[in-house]
Structure formats: structure tokens, C-alpha cells
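The values are calculated or read from the model by the stated rules, or taken from the named source; none is laboratory data. Just so it is clear, the model here is predicted, and its values are computed rather than measured. With ideal geometry, Cβ positions are generated from the backbone for all residues, glycine too; neighbour counts draw on all protein chains shown.
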Amino acid sequence: MFGSKHSLLTSTSLSLAALAGGTLLLLSIFTPPLHAEGESTAEPLAPQERFLAAKSALEEGDKRRFLHLAETLRDYSLYPYLRYWYLRDDLAGQQSDTLHTFFTRYRDLPLTPLLRSVWLRHLAGSERWREYIAFYRGSNSAELRCYAHLAELHSGDPVAAWDGARQLWLVGTTQHPACDPLFAAWEEAGGISDALRWQRIELSMASGHSGLAGYLAEAFDEKERQWVTLWRQVDNRPERIRDESVLQQDNEHSRRIVLHGLQRLASEEPAAAAKLWQTLAGQYNFSAQARQRLIQTIALNFALDGDLRALIWFDQLPPTSLSATSHGWAVRAALRQEKWQAVLNWIERMPPVQRNAEPWRYWQARAHEALGQTQQAAAIYTALSHSRTYYGFLAADRTGNPYNLEHESLEISDEALEALQRKPALQRAHELYQLGLIRDARREWDGAVLKMSRSERLAAGKLAAHWQWHDRALLALAMADHFDDLAIRFPLAHHEAVMREAEVNGLDPAWVYAVARHESGFIPDVQSSAGALGLMQLMPGTGRNIAHQLNIEADRHTLLEPETNIRFGSHYLQQVQSRFDGNPVMATAAYNAGPHRVEQWKPLQGNMDADIWIDTMPYYETRQYVRRVMAYAVFYDQRLARPITPLHQRMPRISPQPAILSCDGCTPGEGDEG
């Protein structure tokens, strides 16, 4: 079954008579003569070849050849893509009826929202506001939302326009330029008050956009502008709150600025902020909520430094005001100093749901063990060791139990797989994937899987694995909450390249695989928001340096080639491993966060157990990254049919830094699990 060619979609061809009344005007874009003069009426190419030829013809501006080829592909599953590309490239020449027909006929096509957005921008640029409202379906785009409210205004509905303008106004970042005319009209109508300006200034300062605050303040009189200027100066140099005489007054403005300065100072020098707060706390009429927020910030930043003063500051807060993040960092502050009774006490103070999560159960057991309470520790370790996770493996190491590496192959019936392959979206996804149009293929696949039941997602994961489409197989099974098929979860993708580069660089291939698996999920063309590229997520600058070291030419396109990306990524892994004396834990952290930060995170004195060091690193992302890579390496030992290397062998103790280094920019991290 899998070896046979999947069936094409049923014909989408419609007779020209169906165009009567303008109901299907879209098809009129493909009504020139089927065969241009001098061309053969026979088409020797396969549909896939004709499709690619049509795409190339359109890109080259050869519309006659494009239209000729498109006519021969009306029954082909990817025919809607030809329509999409044609319309997208010639919006100025289209009528609304044509776009309406496309949106109606292909409402489930993933390309339809993309074309709708482009069409809406075209309508807004032409100030065709009533048509804009007719085509608008809501959007997460601030640009399109602003156009929608402008359209409401021009169509005689100012109430809706001003309500939308208010929502778009109250953000702490600069909005899209499309919002400028909306805000200008709202201001002219008397809608933007000084109170609203102050609200947005406060949001912008809290989010680190002081330049926006300065711009907004230009509408104030001189006295009010001076407060914003001072606020921005304090944002730049928080210690100014001690010296500015105007801030000694207790009023709304001074309280805002002093609190902001203390928050900023706490992120850089928590001890200085703590000392200054003790001086200023009684001088201003701060709200209880503001006081608690500042105390929590001071405590968190002490904890980030591994300073036990964090616990004193956390203790000042009502238990109900402590977030999960604060509870977690209280434990980490004690953990960093190996104050095991404090570790145990703070874990016991956690809410039950948090306390019963695997990380805190593990550390509870570690604390019991360190305090000589071996029976309590053994009971927790034994229960955890059944888990097929990082903490389960650590617990198994503490008790000498074997790892749980049970694999259960996902079995899906042929009938279920055949039914799945008949879905038009998956037919299009497979065809696009075979043609190398990977981004379009992913878009089709993801849209289809999102609408599937759990059983269908399981079948989709099996199907994608058969196609060797590893990243979509992983996604489908994750969405189905299925983790028992270890062969699909940990594929041996690009096996020859990984094994070759691991040998060349003297690396553990299971570790190389684990890094690639976590970095990209084996998506070859992935690019992170920071600009990292490919399977092993190399930054372009790192890629250029490695290319120079290897004496080869490499550009962005080259870095996205799997073989090159694996070669460069393995070379860099070897470099960071050498820098950190062969310690794979520190090398893994350095691969994610950079060697300089890892040097800063070393203990100040004495060696530290690797499990403690990992869980007390300041960055949530790096903590999670190292834990997963260490666990994934175990699974890849199994997949490579190698002896399993226990985590305690992969995780040697962490050596101290040679001198005290500051931690610049460390934050708990958004989404911190606490």
C-alpha cells in the first residue's frame, strides 16, 4: 500500500458555462486558449513536472506558458496552488468577486488566510473600506486590526472604531504604522486623554521601551514631560532615585519612578536594592501589592545569584502571594548552597500540584538522602525510577535500578492509514513534500493534524514516519500525547552523516543525535527567532567561523544543507567540549547559552554535583535544554544498539570558576516552571 502512488483529488474542473452570473469568476483567469501557437497538443510531462514547470513559468513572468500548463492540471491535487500564486502576483488586476470565489471554494486551504491577508492590505491601500469589512474575518495582526477599525470609521461606525483603537493603544510597544491614522483620528475626536497616555507610558516603561514613553510624553505640558524624562533617566541609572530631590516627595509620579528604579536596581544589584528599600519603604505610601512585587523581585534576584538572603526576603511575603516561580527559586537558592533542610522545608511549602511534580519529588528525595533519612529517600527514588524521563533516570542511578526504556511500536491498521491518505490535505502535503516544497507541505500537514482526533493523529504520526518525514511524525505523536514508540520519537535521521562527523570529531554519537533532536526535531530548514539555522541550529556567525576554520566556502543556503549543518554543528560541539575539559553537561549548556555565560555560572568555589548545577542555572531554557539532551542521549544509546551510559557517567561534577564573575542579564525566564 505505502509503495503505491496516492490517488489524486477528484476533478476541480468546471465548465465555462458555470461562470454565468459571475459566481465563479476565479476560473476566468485560466480561460485563454489551451495551447499557444506552435506548442504541441500532447503533454509528455508527468503532473508533478508540469506543476513545477508552471510555477517556474509564473516566476519568470511567462504567463502564457503558465496558463497553458495550468489548464492541463485542473484535476491535479495541487491545482489550487497555481490559482493562489497567480492571484497573489496580480492582485491589482483582480476583482473582488474573483477573490470571493477563491476564498469560498478553498476555505480549508492553508493558503487561503495568507491570500486573504494580502488582499486586505491591497484593499486598505486602495481605501476600499466597505470591501475590506466584507472580507475581514478577524486577525491577530495589529496592522490588519487597525485597518479594520479604520474601515469601521469610514463606514460610519465610530463607536466600534474607537473601542478597537483603545485596545490597540494600551500596549507597551510601538504599534504598526497602519495604526497611526486610527490613533490620529481618535485623538482628534477627543478619545486620547492624558490618563490613557500615562497608562501607555507605564506599560512601555515596564516592557523596556523607554523611547516610546518619551515620544508619548511629547503631548504633555512641560511639567508632566519632566516626570517622564526623569523616569527614563532612572531607568538608565537606577541609583538616581537616591539623589533626585523631586523624588523625595510622596506623590503618584514619584512612587512610580522610585518603584521602577528599585526594580531595575534589584535586577542588577539585589543587595543594593535591598539596602535602599529598607531606607525608603516607610517614606512612600506604596500599595501592598507594589510592596510585595518589589520584595519578590529582590528575592528572585538574590536566588539567581545563589544567595541565601533570598530565603529571608521570600519569608517576608504572604504564602498566598508566592508564585510557582518564587517557590521554585526559593528551593534553588537553598539547593545552590546545599542547605538540605531548607530545600526540604521550601518544597513542603509548595502547593500540592507543584510539590508533586517530578523535579521537586526528586529534590525532596535528595534532601532526605543528604539528611540521612534514607528510607524516605528510597521510597521516592523507587517510585520515580519507573519514569522514562531525566528525573526518572537520575532516581534510578541513585538506587541502582535499571532504566525504563520500554518501547512499544505504534500499530495502526492498513484501513486507518488508507483512510488518512485519502484526506485532500494530506494528499497535498505528501505531494508538496515529494516536490521539495517543504514549507507549503508543513503548512498543509499542520492544518490537517490540528483538526484530527487522537486516533487520527496517531495514524498521521505513523504515516509521516513511513515517509521519513521525521519532524511531522514527532509533532503528530506529541499532539496525540503518545510517547511509547521510541523508534518514531528518536529517529536515526541522517545516520551516515551523524556517525561520520561524530567519529571525525571524537564525539559520542548518541550525544550528537540528542542535540540535533532537541535543537530542530530534524526540521532541516528551520530558523529560530534569533536566526539560528538548520538541524543543529547554528548561528550564521558561528557558521562563518567554522567555515573559515575548515577552509571551505559557506553561506546561509549552505548552512541549511543537512550534511553541512551536521558537520559544522559537530565541529562546534567538539570545540565547546574541549573548552570545558570534556564535560558534556557544560558543553551542552554552552551549545545552548554560549560559553561565556556557562563560565559565569560555574560555582564560585568547590566542585558541584551536576544535577544541582543544572537545576540552578539562571536560564529556564538552558536548564530544560540540558536536562532533555542528557535524557535523549540515553534513548539514542538504545536506538544505536550501544551499551547504555548512565546519567551519572554523563554528568561529572562541575568545576569552580577561577574568579568571581558577574551574571549579566540573567532572568528566571518567561514560562519558568518554578
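For the reader, a short list of remarks on this structure follows.
- Residue pairs whose Cβ atoms lie under 7 Å apart, separated by 6 or more positions or on different chains, with the first residue in segment 48-60 and closer than 11 Å to LEU73 by Cα and the second modelled with pLDDT of 95 or more and in a helix (DSSP H, G or I), are ARG50/LEU69; ALA54/PHE66; ALA54/LEU69; ALA54/ALA70; ALA54/LEU82.
- Where helices (runs of 4 or more DSSP H) sit wholly within segment 168-225, those with at least 1 residues that are more than 36 Å from the chain's Cα centre (by Cα) occupy 180-188, 194-206.
- Subset of segment 451-477 that is out of contact with any helix residue (DSSP H, G or I) (no Cβ under 8 Å at 6 or more places or on another chain) and under 25 Å from PRO113 (Cβ atoms) - its residue that is surrounded by the most Cβ atoms within 10 Å (Cβ to Cβ): LYS451
- Every condition in (1) over 28 Å from the mean Cα position of the chain (by Cα); (2) buried (at least 17 other Cβ atoms within 10 Å of the Cβ) is met by PHE393 except one, and the failing one is (1).
- Lone qualifier among GLU369, GLU431, GLU415, GLU358 - being in contact (Cβ under 8 Å) with a residue 60 or more places away in the chain and among the charged types (D, E, K, R): GLU431
- The set of residues from segment 479-501 being farther than 20 Å from ARG439 by Cα, surrounded by fewer than 21 Cβ atoms within 10 Å (Cβ to Cβ) and among the hydrophobic types (A, V, I, L, M, F, W, C) comprises ALA480, PHE483, LEU486, ALA487, LEU492, ALA497, MET499.
- Residues located in segment 130-147, provided they are assigned to a helix (DSSP H, G or I), free of Cβ contacts under 8 Å to residues at least 24 places away in the same chain and of a type outside the set (Phe, Trp, Tyr): ILE133, ARG145
- Condition check for ALA448: touching a residue at least 12 places away in the same chain (Cβ under 8 Å), closer than 15 Å to GLU418 by Cα and not hydroxyl-bearing (Ser, Thr, Tyr): no
- GLY582 in the same structural domain as ALA510 (by TED's automatic domain parsing), over 23 Å from the mean Cα position of the chain (by Cα) and in a loop (DSSP other than H, G, I, E, B): yes
- Residues (among the acidic types (Asp, Glu) and touching a Leu at 6+ places or on another chain (Cβ under 6 Å)) located in segment 394-417: ASP397
- Taking the criterion of being assigned to a helix (DSSP H, G or I) and touching a Cys at 6+ places or on another chain (Cβ under 9 Å), the residues of segment 268-312 that qualify are ASN301, LEU304.
- Taking residues in segment 630-646 that are outside any helix (DSSP H, G or I), and partners anywhere that are acidic (Asp, Glu), the pairs with Cβ atoms closer than 8 Å and at least 6 places apart or on different chains are PRO643/ASP637; ILE644/ASP637; THR645/ASP508; THR645/ASP637; PRO646/ASP397.
- Scanning segment 249-279 for residues that are more than 35 Å from the chain's Cα centre (by Cα) and touching a residue at least 24 places away in the same chain (Cβ under 8 Å) yields ASP250, HIS253, SER254, ARG255, LEU276.
- Single residue of GLN263, GLN249, GLN283, GLN226 found to be closer than 21 Å to TRP313 by Cα and either β-branched (Val, Ile, Thr) or surrounded by fewer than 16 Cβ atoms within 10 Å (Cβ to Cβ) (or both): GLN283
- Selection of segment 332-368 for residues being more than 33 Å from the chain's Cα centre (by Cα), closer than 17 Å to PRO319 by Cβ and crowded, with 16+ Cβ neighbours inside 10 Å yields ALA342, LEU344.
- Of all the criteria given as (1) out of contact with any helix residue (DSSP H, G or I) (no Cβ under 6 Å at 6 or more places or on another chain); (2) surrounded by fewer than 21 Cβ atoms within 10 Å (Cβ to Cβ); (3) not hydrophobic (A, V, I, L, M, F, W, C), the one not satisfied by ARG50 is (1).
- Any hit, segment 521-536, residues being at positive phi, assigned by TED's automatic domain parsing to the domain that holds VAL629, in contact with a Gly (Cβ under 9 Å, 6 or more places away or on another chain) and crowded, with 23+ Cβ neighbours inside 10 Å: yes
- Selection of segment 294-323 for residues being buried (at least 18 other Cβ atoms within 10 Å of the Cβ), over 27 Å from the mean Cα position of the chain (by Cα) and among the β-branched types (Val, Ile, Thr) yields ILE295, ILE298.
- For segment 88-117, a tally of residues being of a type in the set (A, V, I, L, M), within 24 Å of ALA429 (Cβ to Cβ) and free of Cβ contacts under 8 Å to residues at least 60 places away in the same chain returns 3.
- Among all residues of segment 91-104, there is at least one that is under 35 Å from the mean Cα position of the chain (by Cα), modelled with pLDDT under 95 and assigned to a helix (DSSP H, G or I).
- Scanning segment 379-425 for residues that are in contact with a Gly (Cβ under 8 Å, 6 or more places away or on another chain) and more than 19 Å from ALA357 (Cα to Cα) returns TYR403, LEU410, ALA425.
- Only one of the listed residues (ALA161, ALA189) is crowded, with 18+ Cβ neighbours inside 10 Å and free of Cβ contacts under 8 Å to residues at least 40 places away in the same chain. That residue is ALA161.
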